[in-house]
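The values are calculated or read from the model by the stated rules, or taken from the named source; none is laboratory data. Not measured: the values here are computed from a predicted model. Cβ placement follows ideal geometry from the backbone for every residue including glycine, while neighbour counts extend to all protein chains displayed.
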Amino acid sequence: MKSKTNHKIKIAFIFGTRPETIKMYPVINEAKRYPHWIEPFVILTAQHREMLDQMVNLFQIKPDIDLNIMEHGQSLSQINSSTLLKLEEVFKNIQPELVLVQGDTTTTFSGALAAFYQKIKVGHIEAGLRTYKKYYPFPEEINRSLTTILADYHFTPTPLAAKVLLEEGIAGENIFVTGNTVIDTLLLMQEDNFQFADYRINQFAEQKKQILLTTIHRRENWGEPLCRVCQALIEIAEKNKNVVIIFPIHKNPVIRKTVFQFLKEKENIILLEPLDYREMANLMALSTLILTDSGGIQEEAPALGKPVLILRTETERPEVLKIGAAKLVGTDIEAICKEAALLLNNQDYYQKMVLQKSPYGDGLAAERIIKYLLYQYHYLKSLPDEFVPLDAC
């Protein structure tokens, strides 16, 4: 039987982008429920400054340290090197016992590597996702694979992701299936009769318009692929007059230039600045159909019963394909238009993609992560039955 220790676990939470913030938020909140056992230390890299700040303000997260690394036109090498150098000094000063990183960003990998250099244990939230295609998505596929090698604890969103890690040689006792923390946050953000800041969205809801929500941001879709997606959206808008396409545009200037070039002032297409997560969560719930290359939305949409057309040729979230909640359409104009037309106009086809149960969790992922750590650090004598580690199943 494990015995309690007399000191607090100092856990450093490291994140620097919008999606990391959304998924780390419930874990930080859960850690704060145990002030006598856990000392949370929040570190922002600010890999994406403006979009990060939007989420930090929404969730009222108070960082202990902000590395503020973002520079205009920064390269991946600059992000990595800046994060490594600054975290080295931070870790030497605060001496955490554990570093938690989330997902697959350059911040994720850099945070894990910096911890390894200081011989600090690493917990990887949302572990085990793979396409096994080196450049798809780029650089996320390599970021998460390298983070797996560096991590001590692997928190996977699904049993399939856990199986992937087992097949890669990770010990089962270090793998823990938790669900995805994005579902925790998504459920917290849902509101009945939500009123959007943009009055047009409220009007579309009153008019029972079909809303086609679109997001795109991945590097492999920059340039010609994004041009094709924009052309497909124009065709969908022209052929479906009861459809409104709502497109919150990523802050990246490469993406914005192309989107504005093709879609500015197009009928039935509304271009928006990035929405805060409360607005985005409720807009997803209002939407009829979602077109995206976002990994997070592939997880969120099934929980809301919304079909997804994935603007990629590969996905590291095969569960959503297996249960029929999403389809890979890539950036092919014909494929996008064909599938969108079927979902917008064929109710039987639409219903086949609408799910009642998400494969990505029940909203308790953060609780599982923190209780698992409390068990590992001797504060809990045992885990509830549903929290049994993978190798004991």
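Just a few scattered comments:
Yes/no matrix, rows are residues, columns are (1) farther than 18 Å from Pro137 by Cβ; (2) at pLDDT 95 or above; (3) assigned to a loop (DSSP other than H, G, I, E, B):
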| position | (1), (2), (3) |
| --- | --- |
| Met284 | yes, yes, no |
| Gly296 | no, no, no |
| Glu299 | no, no, no |
| Val320 | no, no, no |
| Leu343 | yes, yes, no |
| Gln351 | yes, no, no |
| Leu355 | yes, no, yes |
| Ser358 | yes, no, yes |
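- Test result for Asn180, within 30 Å of Tyr117 (Cβ to Cβ) and in contact (Cβ under 8 Å) with a residue 24 or more places away in the chain: yes
- Scanning region 73-99 for residues that are more than 26 Å from Tyr372 (Cβ to Cβ) and touching a helix residue (DSSP H, G or I) at 6+ places or on another chain (Cβ under 9 Å) yields Gly73, Gln74, Leu76, Ile79, Asn80, Ser81, Ser82, Thr83, Leu84, Leu85, Lys86, Glu88.
- The set of residues in region 328-338 being more than 22 Å from Glu126 (Cα to Cα) and outside any loop (DSSP other than H, G, I, E, B) consists of Ile333, Glu334, Ala335, Ile336, Cys337, Lys338.
- Selection count, region 329-371, where residues are of a type outside the set (Asp, Glu), surrounded by 15 or more Cβ atoms within 10 Å (Cβ to Cβ), under 21 Å from the mean Cα position of the chain (by Cα) and within 30 Å of Ala31 (Cβ to Cβ): 11
- Only one of Lys251, Lys241, Lys257 that is part of a helix (DSSP H, G or I) and not acidic (Asp, Glu): Lys257
- Residues of region 115-135 that turn out to be surrounded by 15 or more Cβ atoms within 10 Å (Cβ to Cβ), under 30 Å from Trp222 (Cα atoms) and without any contact (Cβ under 8 Å) to a residue 60 or more places away in the chain, as a count: 3
- The one condition from (1) under 25 Å from Met189 (Cα atoms); (2) over 18 Å from the mean Cα position of the chain (by Cα) that Asp53 does not meet is (2).
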